[in-house]
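Before anything else, here's the structure in question.
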Amino acid sequence: MSRTLYVSDLDGTLLNKQDRINPESIRIINDLVSKGMLFTYATARSFSSASVVTRGLSTDIPVIVYNGAFILHPATGEILSREGFQKEEMKEIIEVMDRFDISPLVYSFVEDVEKVSWIVSRENEGIQRYLNLRKGDRRLRPVSSREELYQGDMFYFTCIGEKDALQPVYDILARDGRFRCTIQQELYRPEYWCEIMPARATKAEAIRKLKEIRRCDRVISFGDAINDIPMFEISDECYAVENAVDELKKIADKVIESNEDDGVAKWLLQFACP
């Protein structure tokens, strides 16, 4: 008997505009999980952030966070797979940030503790909003200098700002095969996010690993954004929500109802095999 792994993106796919999962979606998915459906999520969010917005959702198997940089078990926080930058890769990214006067959010392990660092004097509106939404997050590490910003073992960079300012950074690093970069407008907001991660850290690679860990034969995925394209490309079936970008809809097997209308949960209720 074949085993299917169902994987959903969060923002814009499973989450509504209030950054929460509709109660009806939680009810449907939890019921299917209790009957044996192998369901998880793959997100660009950290596990800390994802845990808040998915509160109430049953996920008994590992989840994928930071766009595939980490696979971890939600019940214990145990890291099953981790991808970070090599020293030369970090050096190149920092040189490009300095060249274009970009002060990013830097995700790293400082003395083996996960931190998100930023220079306090360089906060723009987008970064301030990011921080306001994460008040009390123990990962937050305000620093006062460039030297402090780039300490530790770095694995992810997020630049928030105007598209014209971020585009040169994206253009240079996206051409470098060592990195995977995305640039897109924040959902329901004017600012853009440019994210840089190791080329090895993708939702697609993490799903391949998780598929092997769980001994699954097939993968069915759900998404809405450009960073879901690699995930769609390695899936046996893939579905874009109605509110997805056109690039994703073009490669989807079908377009389903939107994130506001419980599109993922309704599809699972009709077609998933627990």
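Go through the stretch 68-139 and tell me which strands (runs of 3 or more DSSP E), entirely inside it, have 1 or more residues that are farther than 17 Å from Ser51 by Cβ and among the hydroxyl-bearing types (Ser, Thr, Tyr). Give the steps one after another, and end with the answer.
On the way: elements: 70-72, 79-82, 105-110, 113-119.
Passing ranges, in order: 79-82, 105-110, 113-119.
In the stretch 230-251, how many residues are outside any loop (DSSP other than H, G, I, E, B) and closer than 19 Å to Ile64 by Cα?
8
If a residue must be free of Cβ contacts under 8 Å to residues at least 24 places away in the same chain and either surrounded by 19 or more Cβ atoms within 10 Å (Cβ to Cβ) or among the aliphatic types (A, V, I, L, M) (or both), how many such residues does the stretch 157-181 contain?
Result for the stretch 157-181: 2.
Same structure, new question: Can you say whether Thr59 is in contact with a Phe, Trp or Tyr (Cβ under 9 Å, 6 or more places away or on another chain) and part of a loop (DSSP other than H, G, I, E, B), as far as the supplied structure shows? Break it down stepwise before answering.
Details: in contact with a Phe, Trp or Tyr (Cβ under 9 Å, 6 or more places away or on another chain): yes; part of a loop (DSSP other than H, G, I, E, B): yes.
Considered against the rule, which asks whether it is in contact with a Phe, Trp or Tyr (Cβ under 9 Å, 6 or more places away or on another chain) and part of a loop (DSSP other than H, G, I, E, B), Thr59 comes out as yes.
Still on this structure, I have one more. Output yes when any residue across the stretch 173-195 is assigned to a helix (DSSP H, G or I) and either among the polar types (S, T, N, Q) or modelled with pLDDT of 95 or more (or both), and no when none is. Before the answer, list the steps.
Looking only at the stretch 173-195, we keep the residues that are assigned to a helix (DSSP H, G or I), and these are 173-174.
With the extra rule that they be either among the polar types (S, T, N, Q) or modelled with pLDDT of 95 or more (or both), the set shrinks to 173-174.
Yes.
Scan Glu24, Glu78 and give me the residue that is modelled with pLDDT of 95 or more, of a type outside the set (Ser, Thr, Tyr) and surrounded by fewer than 19 Cβ atoms within 10 Å (Cβ to Cβ). Even if it seems obvious, please write down each step before you answer.
On the way: Glu78 fails: modelled with pLDDT of 95 or more.
Glu24 is the lone residue from the list that is modelled with pLDDT of 95 or more, of a type outside the set (Ser, Thr, Tyr) and surrounded by fewer than 19 Cβ atoms within 10 Å (Cβ to Cβ).
In addition: Within the stretch 214-226, identify whether any single residue is out of contact with any Pro (no Cβ under 6 Å at 6 or more places or on another chain), within 16 Å of Ala44 (Cβ to Cβ), among the aromatic types (Phe, Trp, Tyr) and surrounded by fewer than 21 Cβ atoms within 10 Å (Cβ to Cβ), and answer yes or no.
No; the residues of the stretch 214-226 include none that is out of contact with any Pro (no Cβ under 6 Å at 6 or more places or on another chain), within 16 Å of Ala44 (Cβ to Cβ), among the aromatic types (Phe, Trp, Tyr) and surrounded by fewer than 21 Cβ atoms within 10 Å (Cβ to Cβ).
With respect to the numbered conditions (1) assigned to a loop (DSSP other than H, G, I, E, B); (2) in contact (Cβ under 8 Å) with a residue 60 or more places away in the chain; (3) under 16 Å from the mean Cα position of the chain (by Cα), which one is the sole condition not fulfilled by Gly36?
Of (1) assigned to a loop (DSSP other than H, G, I, E, B); (2) in contact (Cβ under 8 Å) with a residue 60 or more places away in the chain; (3) under 16 Å from the mean Cα position of the chain (by Cα), only one is false for Gly36: (3).
Looking only at the stretch 1-10, which residues are crowded, with 19+ Cβ neighbours inside 10 Å and farther than 17 Å from Ile61 by Cα?
none
To continue, here is another question. Identify, please: which residue in the stretch 81-127 is among the small types (Gly, Ala, Ser) and more than 23 Å from Pro190 (Cβ to Cβ) and is, among those, surrounded by the most Cβ atoms within 10 Å (Cβ to Cβ)? Talk me through it step by step, then tell me what you get.
The initial filter retains those residues of the stretch 81-127 that are among the small types (Gly, Ala, Ser), namely 81, 84, 103, 108, 117, 121, 126.
From what's left, more than 23 Å from Pro190 (Cβ to Cβ): 81, 84, 108, 117.
On the way: Ser81: 17, Gly84: 20, Ser108: 23, Ser117: 21.
Here the residue is Ser108.
The values are calculated or read from the model by the stated rules, or taken from the named source; none is laboratory data. Predicted model, so just to flag it, every value in this text is computed and none were measured. Note that each Cβ is placed from the backbone with ideal geometry, even for glycine, and that neighbours are counted across all protein chains shown.
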